[in-house]
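Notes to accompany the following structure.
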Amino acid sequence: MGDTAILAEDLVKTFGGKVRALEGVSLRVEQGTVLGLLGPNGAGKTTVVNILTTLLRPDSGRAEVAGIDVLSHPSAVRRSIGLAGQFAAVDDVLTGAENLTLVGRLNHLSKAQARTRATELLGRFGLAEAGDRAAKTYSGGMRRRLDLAAALVARPLVLFLDEPTTGLDPRSRIELWEVIEDLVREGTTLLLTTQYLEEADRLADRITVVDHGRVIAEGTSSELKARMGGAVIEVRLADPNGARAAHRALGGVGDGEVSRQGEVVQVPATDGTAVLSEVVRRLDAAHLTARGLQLREPSLDDVFLALTGHDATSGAEPDAADPVRAAGDAPSSSGQSDTLVNDSSGGRA
Amino acid sequence: MTTMTRAQAREAQDADHGSGLGWAVRDTLAMAGRNLRRLLRRPEQVMFNLVSPIMFVLLFRYVFGGAIGGLQGLNYVNYLIPGIAVQTVLFSAGVTGFALADDLQKGFIYRLRSLPMARSAVFGGRVASDTVNNALGLLVLLATGFVVGFRPSDLPGLVLAGLLLLLFALAVSLGYALIGMTVSSAEAVNAATFPIIFPLTFASSAFVPVETMPDWLQGFATHQPVSVVINAARSLILGDTATDAQRTLLLGGADTASLVWQSLAWTVGIGVLFGVLCTRKYRNLT
């Protein structure tokens, strides 16, 4: 067991005396590992990060970062952490180099040290040529890289990334993932929040799933997937109406309840191939043509749906691109999810 | 369990000097440098700050000036310049709130709050750079004033008046900083500037003697802080040349020292009140 880099115990936070943002969140991150804090918008992820990075005081509970108590020594904590936020917090009038130098100065590096560090980081994040241009001329991906570089200026022991790729196009997202993977290889302890299951799956050693201010599951990606039981058969129809018909036609197939999201019908199938042929027969009998049919391992998406009763991205801003898949229509997905919850408990080995 | 992290913690706590005064000053300078750099990169903002005092001087001197009398023999330009000066620095005070709201909106404040810098430097740097901007505005105003006939009687008094105005503007700009952080939208701060600054500058002794106003307005116009500061500046600039009649009718009957002390009291009161509220607001930003 390594040392604990981040520890949170029973964090409770209420906004405006009414909105319960956190209802007792606990988590622990070992040094040199990556924790993915996964949840939909409004789940409380950013509130957890804000408390751990001293931006916000919890109503109750305690937290330590790099062994330092967040509530009693906030400025010592600020010397040990780096934070890159959801809203790329760079000054867009200043150049990339000036941004990093300023952050270096405010981290109390000398002028020369701050400049050297800025040059180093610009080179590392592929911004060397853009370093003397105003940040407002940067693309979305470049801004995020600059923001990430700013979080690393003081060589933090613990790094917090709050939805680092939200709103990025797929190509920039993958570029940023590669940068983050490099950091992780060097042993940086990282707490990453995301609403993208794929991102948590790819970057995180362990995943904590939060919803409505509570931790609802915790484990490695494969542990969480194992909770879903066996494989899933996914039938994609031309439209939601076709999917409704297929949903009726496939009732009782497999070893759990069939669910529907948008134009996709999902059939839990521990005994994959046998169920698959039954699915094909039933669709044929109902004169339904599937656009796509696949037998696959359960994804984190399935886990999320099973755990939270809604899919991972419902409630996300409309402009946030979803790299995993187009979100199903929220009402029907939440309507269907109850059956999945029952089903997954039955399907557990 | 954690010998290493404890050691690191101790080290970090030992190095916890972010609250020292020396660091606060350095952080403030770093932030002020950043703000001034931004200002230089966007000359249109500087232009507005410099052009508006010129316009106001010309407008009042040549459009209204001829119709304004009752100045006990005081030349209207000499009466007017301290008034425009206060108006100039008050409008610039709005910039403080505008800029902070912009930083908040763009997420820059979010980054600053996660750094081990002195918190006061966010405001300190802001008001420092805005004071530089204000001083520039006053110099342009003075130059314009000289061209259209402004002649101060007391040069050291003129310098003191300038400093008094800059201090007053600094205190007021903390009020705008609070508005900026509360509404957190640059447009909303802009919208809030006019309803506050216009009544305070026009219902004052800035452009016309208070005694020409209706009775119900005179009480407010004589004693509100903007008038007190204008009268103090006017009194400093007139120096010994102020006649008893001018002092009684134009300066609220008070002597220079008393006006300056009253101005400083208002300045410190406003500054401390809003300084405390700003720091508290900053700490509780979400």
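The values are calculated or read from the model by the stated rules, or taken from the named source; none is laboratory data. This one's a predicted model, so the numbers in the text were calculated from it and none came from an experiment. Positions of Cβ are generated from backbone atoms using ideal geometry, with glycine treated the same way; all protein chains shown enter the neighbour counts.
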Being under 30 Å from A:THR4 (Cβ atoms) and buried (at least 20 other Cβ atoms within 10 Å of the Cβ) is the filter here; which residues of segment A:122-148 pass it?
A:PHE125, A:ARG144, A:ARG145, A:ASP147, A:LEU148
Every pair of residues 6+ apart whose Cβ atoms lie under 8 Å, when the first sits in segment B:274-286 and is more than 14 Å from every other protein chain (Cβ to nearest Cβ) while the second is in a loop (DSSP other than H, G, I, E, B) and surrounded by 15 or more Cβ atoms within 10 Å (Cβ to Cβ)
B:THR279/B:ARG119
Confirm whether A:ALA151 is within 14 Å of another protein chain (Cβ to nearest Cβ), crowded, with 18+ Cβ neighbours inside 10 Å, at pLDDT 95 or above and in a helix (DSSP H, G or I).
no
Return a yes/no flag: does segment B:92-107 have any residue that is within 14 Å of another protein chain (Cβ to nearest Cβ), of a type in the set (S, T, N, Q), assigned to a helix (DSSP H, G or I) and surrounded by fewer than 19 Cβ atoms within 10 Å (Cβ to Cβ).
yes
Confirm whether A:ARG143 is without any contact (Cβ under 8 Å) to a residue 40 or more places away in the chain and either within 14 Å of another protein chain (Cβ to nearest Cβ) or in contact with a Cys (Cβ under 7 Å, 6 or more places away or on another chain) (or both).
no
Identify all residues within segment A:100-124 that are within 9 Å of chain B (Cβ to nearest Cβ), in contact (Cβ under 8 Å) with a residue 24 or more places away in the chain and either in contact with a Cys (Cβ under 8 Å, 6 or more places away or on another chain) or in a helix (DSSP H, G or I) (or both); write none if there are none.
A:VAL103
Restricting to segment B:137-152, count the residues that are surrounded by fewer than 18 Cβ atoms within 10 Å (Cβ to Cβ) and either out of contact with any helix residue (DSSP H, G or I) (no Cβ under 7 Å at 6 or more places or on another chain) or without any contact (Cβ under 8 Å) to a residue 12 or more places away in the chain (or both).
4
When segment B:215-226 is examined, which residues are found to be farther than 12 Å from B:PHE168 by Cβ and in a helix (DSSP H, G or I)?
B:ASP215, B:TRP216, B:LEU217, B:GLN218, B:GLY219, B:PHE220, B:ALA221, B:THR222, B:HIS223
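Can you name the residue in segment B:145-162 that is assigned to a helix (DSSP H, G or I) and among the β-branched types (Val, Ile, Thr) and, of all such residues, is nearest to B:LEU264 (Cα to Cα)?
The first filter runs over segment B:145-162 and keeps only residues assigned to a helix (DSSP H, G or I), leaving B:145-147, B:155-162.
When the remaining residues are screened for being among the β-branched types (Val, Ile, Thr), the result is B:147, B:159.
Working: B:VAL147: 30, B:VAL159: 16 Å.
Once the filter is applied, the top-ranked residue is B:VAL159.
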Those residues of segment A:223-252 that are in contact with a Lys or Arg (Cβ under 7 Å, 6 or more places away or on another chain), part of a loop (DSSP other than H, G, I, E, B) and aliphatic (A, V, I, L, M) come to a total of 3
Just to be sure I understand, how many residues within segment B:19-42 are surrounded by fewer than 19 Cβ atoms within 10 Å (Cβ to Cβ), in a helix (DSSP H, G or I), more than 7 Å from chain A (Cβ to nearest Cβ) and of a type outside the set (A, V, I, L, M, F, W, C)?
3
Residues of segment A:46-89 satisfying the condition of being more than 9 Å from chain B (Cβ to nearest Cβ), of a type in the set (A, V, I, L, M, F, W, C) and under 30 Å from A:LYS136 (Cα atoms):
A:VAL48, A:VAL49, A:ILE51, A:LEU52
For B:GLY69, state whether it is free of Cβ contacts under 8 Å to residues at least 40 places away in the same chain and not in a helix (DSSP H, G or I).
yes
Inside segment B:227-260, the number of residues satisfying the requirement of being surrounded by 15 or more Cβ atoms within 10 Å (Cβ to Cβ) and outside any helix (DSSP H, G or I) is 4
Here the qualifying pairs (Cβ atoms under 9 Å; residues six or more apart or on different chains; first in segment A:265-280 and more than 16 Å from A:GLY292 (Cβ to Cβ); second among the aromatic types (Phe, Trp, Tyr) and assigned to a strand (DSSP E or B)) come out as none
Please work out which residue is nearest to the other protein chains (Cβ to nearest Cβ), limiting yourself to segment A:90-99 and to residues that are more than 29 Å from the chain's Cα centre (by Cα) and assigned to a loop (DSSP other than H, G, I, E, B).
A:VAL93
